[in-house]
Amino acid sequence: MQGGDSCRLIALNLYKFVDNPFTPKAKFNMKKFYQATYEGQRLMDDLVDLEIEAIERILKKVEGDEEPESIKMVEKETWELLLKTGREGRRTGLGFTALADMVAALGYKYDSDESIEFIENMMKEKCRAEFDSSIDMSLSRGSFVGFDSKIEKIKHIDQTKTTPVRRAVILAAGKGNRIQHLTVDIPKCLIEVNGKSLIEQALHALSLNYVNEAVIVVGYKSSLIRERLGNSFEGIKIIYVNACDYETTNNIRSLWDARDYLNEDIILVESDVIFDSNLITDLLREKGSSAAVSPNHKALSGTLVNCDDQFRITKFIMNKDLNMLKKNIDLFKTVNLYLFRKNLLQKQIIPRLDKAIRAGQENIYYESVLRDFVDEDSTSNLIAVDISKNRWYEIDDQRDLDAAEFMFLTRSQQFDRIQELHGAYWRYGFIDHAYLYNMYFPPLGMLEIFERNLPEIISNYPVAQPELARLVANWTGSNPNYLAVANGASELIKILGNQLFHRIIIPTPSFNEYEEVVQPEKIHRFPLDPDTFNLDIDGFAAAAIKWGADNAIIVTPNNPTAMSVKSKELIKLAENLRKEKCRLIIDESFIEFSTEESLENIIDNHPNLAVIKSMSKVFGIAGLRLGYILSSDSEFINTIRDSIPIWNVNSLAEEFLYTVGRYRREFIESCNQTRLDCRSLYEDLMATDGIEPIEPDANFVMCKLSDPNASGFDITRKLYIEHNILIKDCAKKSMIEADRYLRIASRTKEENKKLIHALTMVL
């Protein structure tokens, strides 16, 4: 406080700026917040004038008071000082309230990385609006005379550690040929991610970092960009540059077209990248030129870089160079955001751009210029800035757009989106304890065979059913005539449901897909013991006979309980049902993780017995999709085969069947390791308060929540939102108190430990 001055305070209620609070559509209205902050600053300045008027009245009253002058003197001096400093200092403070309410309303966990990042961005916007309002008032009302720069040194929130840059160059000329269904009517940069265009999101991030001028290179449907943005956006002046021959040239020409604006420090942005504003802040912390990079991820494609110990970029690796790389080299993916200082632009980049354009190299990427510059200058000092703590995604096709939309949702919204997905989880960066598969197979050697043979595999038709059956028989030792091979067990289940299931009986809870393929009136659900989840075999047989079932289905180990039915009991059941012309179908998709023996070897003696296997799960090849059904009933098998398209199994899956026999030992070891890991997980769950696991005989564990009021869905949701871990709740299973149960897939020891720790935090 300068000179005894007082401060005028107003607080903004942050909760009031949340649109659709506590819903999946919750969003902070940043535009409304900026306006309120701007006007709030002006209002406080108005309050200074009102205060001055009040002080003047107070002084008149003090003059008229009857107290002795010695007493009035102290009071008068105080008010006169406040009057003087009020006129000269005009000090105001714009605070805020309801921060926690706002965070909750947006679906963030308080003090999470996500909430902190958002609050930082919000505070930057507040600071920007305050400065804008103060500058405008100084122009219209005059600067206050009591300002002391030595005391009141103005700093950007991040400017203690950053070097500001006022200009950005944004390349936005392209159409986006790999996402044509969206760019028929609009340029690529106007594609929206979660309701806001890519270029608007980029400009917003730049504005939060006090960039005040954007040079946008436009081409395809440029009028739409001009209409959308106008001449300014969130305080950023916009200059448009028309890209020459954008349809036949690449981004090197777009950058060269903007060469007149490369006469000072710039931030170079490609308009098909979505990113957090803090990414720009991280770049600005470098005093020299820098490139935003992120650890290479298999879901991404494009230019890579290699760095030395000081994180200077030593090599740019273009797509065409990737096959020549040595293995086990540390690589980073370029984010297509750069900070180029004037010196580097003038001495290195612009001359090389000119040279490339004069040589007719208009159809290459500007990264080629950077590659050549770095190759020729070992002390280039182009610094790689690891921005992996920030969110970003380059959008080239629909898959990229889907991933970007997911990434930039709130954690709560992400969870809701996952409930609609049925796979491809690896693209989204969370730990998957929901899907059930072998973590230790296939081995690396097997994958290398795939890699070597990939051109032939993908360019040739696969084999048909008879040969597929022989390939599976080579592994199982079964008669090939007893086999029908499918694109995963799910294909077989659907065929059975559509053509061969008329009246079925199944223990519940169990794998829901069997229940979903037939009409409700064709199903008899036989409940497992609600306390132990054991199957009463005799009771099940009696119920099947009474119901007149033509097919009885048992999943063992069961999904979701992970409990097995003893082989001898199943054999007895098959014999009893044979007399009633009822087929017994045993789903053994997890049997290799069990202590029980498969029934595959006794098929010959039981024509009413059929065994289904999901090879996708037990071999860790869910993406290849392989499953089979085994039965000595040739008519039954032929009916299934007749329902299968000729090339229902792809060539990669076929190659797997050709190759897997070489790795039988590795397969056995992988199953053994899976059992050990799952056992350890079960023991850790036993020691965890608030949860009651059921001893498993598979690669997953079903658990009951101890609290009768607890919700499995809520726990699942919290695990994802707060710890980036996905498990499966059992709310949709046919069982009593289904929402109190969770199903947890075992992964590696390290991942299982992380899960246990996370569970202790949310239970």
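The values are calculated or read from the model by the stated rules, or taken from the named source; none is laboratory data. Computed from a prediction, not measured in an experiment: that's the story for all the values here. Here the Cβ is made from the backbone with ideal geometry for all residues, glycine too, and neighbour counts use every protein chain on show.
Things worth noting here:
- One residue from Y240, Y210 being in contact with a helix residue (DSSP H, G or I) (Cβ under 8 Å, 6 or more places away or on another chain), assigned to a strand (DSSP E or B) and hydroxyl-bearing (S, T, Y): Y240
- Only one entry of L59, L83 meets the criterion of being of a type in the set (A, V, I, L, M, F, W, C) and modelled with pLDDT of 70 or more, and that entry is L59.
- Sole residue being of a type outside the set (V, I, T) and without any contact (Cβ under 8 Å) to a residue 60 or more places away in the chain, chosen from L436, L447, L468: L447
- Members of the range 104-116 found to be closer than 12 Å to R411 by Cβ and not in a loop (DSSP other than H, G, I, E, B), listed by number: D113, E114, S115
- Residue under evaluation K315, criteria (1) modelled with pLDDT of 90 or more; (2) over 16 Å from L339 (Cα atoms), criterion not met: (1)
- Check on D257, charged (D, E, K, R), under 26 Å from E362 (Cβ atoms) and either surrounded by 16 or more Cβ atoms within 10 Å (Cβ to Cβ) or touching a strand residue (DSSP E or B) at 6+ places or on another chain (Cβ under 9 Å) (or both): yes
- Single unsatisfied condition, V485 versus (1) touching a residue at least 24 places away in the same chain (Cβ under 8 Å); (2) surrounded by fewer than 21 Cβ atoms within 10 Å (Cβ to Cβ); (3) more than 32 Å from the chain's Cα centre (by Cα): (2)
- Helices (runs of 4 or more DSSP H) contained entirely in the range 339-431, each with at least 2 residues that are touching a residue at least 24 places away in the same chain (Cβ under 8 Å) and among the β-branched types (V, I, T): 350-358, 367-376
- Count of the range 196-240 residues, restricted to those that are free of Cβ contacts under 8 Å to residues at least 24 places away in the same chain and either under 23 Å from E120 (Cβ atoms) or buried (at least 17 other Cβ atoms within 10 Å of the Cβ) (or both), is 1.
- Test: residue in the range 710-723 that is part of a loop (DSSP other than H, G, I, E, B) and surrounded by fewer than 19 Cβ atoms within 10 Å (Cβ to Cβ): yes
- Which numbered condition I458 misses (of (1) touching a residue at least 24 places away in the same chain (Cβ under 8 Å); (2) crowded, with 18+ Cβ neighbours inside 10 Å; (3) not in a strand (DSSP E or B)): (2)
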